[in-house]
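Worksheet: one structure, shown below.
The values are calculated or read from the model by the stated rules, or taken from the named source; none is laboratory data. Predicted, not measured: the structure shown is a model, and the values here were computed from it. Because the Cβ atoms are built from the backbone with ideal geometry, glycine has one as well, and the counts that use them run over all protein chains shown. For accessibility, only protein heavy atoms count, side chains too; no ligands or nucleic acids. Shrake-Rupley method; radii C 1.70, N 1.55, O 1.52, S 1.80 Å.
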Amino acid sequence: MHLKGSPAARAIAKRPLPCPSDSDAAFNWVKSEIRSCDRTHIPCRFSVDRQAIGHPDDQILPTRIIDLTENDISGSLRLIETHGQKRGRWAALSHCWGDPKASPLKTTSATLAQHLEEIPLSALPETFLDAIRITRKLGLRYIWIDSICIVQDDERDWLKEASLMGNIYQRAYVTIAASDSPNSLHGCFNRRWYSTLSLQSLELPFYSCHGSTGALRRRGTFAASIESDDTGLKDAVLQSRGWITQEWILSRRIIHYRQNHIFWCCRVHGVKDSGQEFEDVIYNWNMSGVSWNDVVERHSDRAFTFAKDKLISLDGLATALKHMVERWRRHFHGEYRFGIWSETLPNCLFWIPVGIHADPHMAHVPTWSWA
């Protein structure tokens, strides 16, 4: 829209059709949101349990992380082990693994040494490559990707790192969400449905009431154009993945790459690259209507490749909520056992199973647990 310098700009929220999500203009928009968040959003400087995060460059890096400094000869990347001695800012990727038969690149006991030496770009799937490009455009050196930074066939390492995942997302400088990518091959930069259309914006006159007389006066013009018919993040493909419950709640700010828009979501506000604001109450812990039951209801409806992950994937969030600010303690008081808080146990027994959930890996879970 051609609103700059027009009084209409104060009352009209729409903007021009967003440019391609991998364009310089799109990256500049994301960087402007980050700058604004860094400068003015006090809540985004704290963890969910109200601990000050501190300066981004002073954060202790995760156990393993991908260093995006290119090898001078091959242009490859590498996985590094930090031993708790390195500090810096990183991006964390939130993504769908997809069909187990076509799972993303993984680090295993057999490939760990190789990945510490180098990770060829040719070995990375499209979603990872896009996330790396975003990370570099934001001026960051490191990115954390679960399938590569955790040794997937080492149960001890997996359990240890899984217990730390909540903190990894919470202290990440930013989380990149491939929100409409069903697997690692799909990429983050999805094609917008209107990209092939050749439609001009319609310029319309803008009127407003004049002072105390109430008389209509023409104040300028605005342009009306196509707005994609999406529903915020509610129907995002990534919503079906179980691990995103704690990833999205604990992340202080997330860049969601969807089919038709980029969504910025932080502790203070959510906005699309079209300029339209949106809100999803379950990810805004400053709002008063959220309870643990709200979290569990969404979480239990999501898909898990392994049933045992249903409870493990909430451990980081549960740990953070043990130290929640005073006004939230009525929701999270007591001991945490099998997805339920002891002080709310009677109320949390009013759940109804949908479908058959029997799984031999969950035999240790009491029958009173929703899991």
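Taking segment 156-189, which residues are open to solvent by less than 40 Å² (accessible area, probe 1.4 Å) and of a type in the set (S, T, Y)?
Y169, Y173, T175, S179, S181, S184, listed by residue number.
Out of everything in segment 143-163 that is more than 15 Å from I80 (Cα to Cα) and among the polar types (S, T, N, Q), what residue ends up being modelled with the highest pLDDT?
Q152
For segment 77-176, give me every one of the helices (runs of 4 or more DSSP H) that falls completely inside it and has 1 or more residues that are out of contact with any helix residue (DSSP H, G or I) (no Cβ under 8 Å at 6 or more places or on another chain) and more than 24 Å from H256 (Cβ to Cβ).
112-117, 155-171
For E118, work out the one condition from (1) more than 15 Å from C149 (Cβ to Cβ); (2) surrounded by 16 or more Cβ atoms within 10 Å (Cβ to Cβ); (3) within 21 Å of the chain's Cα centre (by Cα); (4) not polar (S, T, N, Q) it doesn't fulfil.
Among (1) more than 15 Å from C149 (Cβ to Cβ); (2) surrounded by 16 or more Cβ atoms within 10 Å (Cβ to Cβ); (3) within 21 Å of the chain's Cα centre (by Cα); (4) not polar (S, T, N, Q), E118 violates only (3).
If you take the residues of segment 320-345 that are open to solvent by 80 Å² or more (accessible area, probe 1.4 Å) and in a loop (DSSP other than H, G, I, E, B), which of them is modelled with the lowest pLDDT?
Of the residues in segment 320-345, the ones open to solvent by 80 Å² or more (accessible area, probe 1.4 Å) are 322-323, 326-327, 329-330, 333, 335, 337, 343.
Now restrict to residues that are in a loop (DSSP other than H, G, I, E, B): 322-323, 333, 335.
Values: K322: 71, H323: 65, H333: 56, E335: 78.
For segment 320-345, the residue satisfying everything is H333.
May I ask you to list the residues in segment 118-165 that are among the acidic types (D, E) and touching an Asp or Glu at 6+ places or on another chain (Cβ under 9 Å)?
D130, D146, E161, listed by residue number.
Suppose we filter segment 306-319 for residues that are open to solvent by 50 Å² or more (accessible area, probe 1.4 Å) and over 16 Å from E155 (Cα atoms); how many remain?
Residues in segment 306-319 being open to solvent by 50 Å² or more (accessible area, probe 1.4 Å) and over 16 Å from E155 (Cα atoms): 2 in total.
Take A52 and decide whether it is under 23 Å from V174 (Cα atoms), open to solvent by less than 80 Å² (accessible area, probe 1.4 Å) and at pLDDT below 90.
In short, yes.
Between a residue in segment 236-263 that is not assigned by the TED database to the domain that holds K31 and any residue that is assigned to a helix (DSSP H, G or I) and at pLDDT below 90, which pairs come within a Cβ distance under 9 Å, given they are 6 or more apart or on different chains?
Partner pairs satisfying both residue conditions: none exist.
Got a number for residues in segment 254-265 being open to solvent by less than 10 Å² (accessible area, probe 1.4 Å) and not in a loop (DSSP other than H, G, I, E, B)?
Number of matching residues: 7.
For S32, state whether it is free of Cβ contacts under 8 Å to residues at least 12 places away in the same chain and either loosely packed, with under 13 Cβ neighbours inside 10 Å or assigned to a loop (DSSP other than H, G, I, E, B) (or both).
Spelling it out, S32 is indeed free of Cβ contacts under 8 Å to residues at least 12 places away in the same chain and either loosely packed, with under 13 Cβ neighbours inside 10 Å or assigned to a loop (DSSP other than H, G, I, E, B) (or both).
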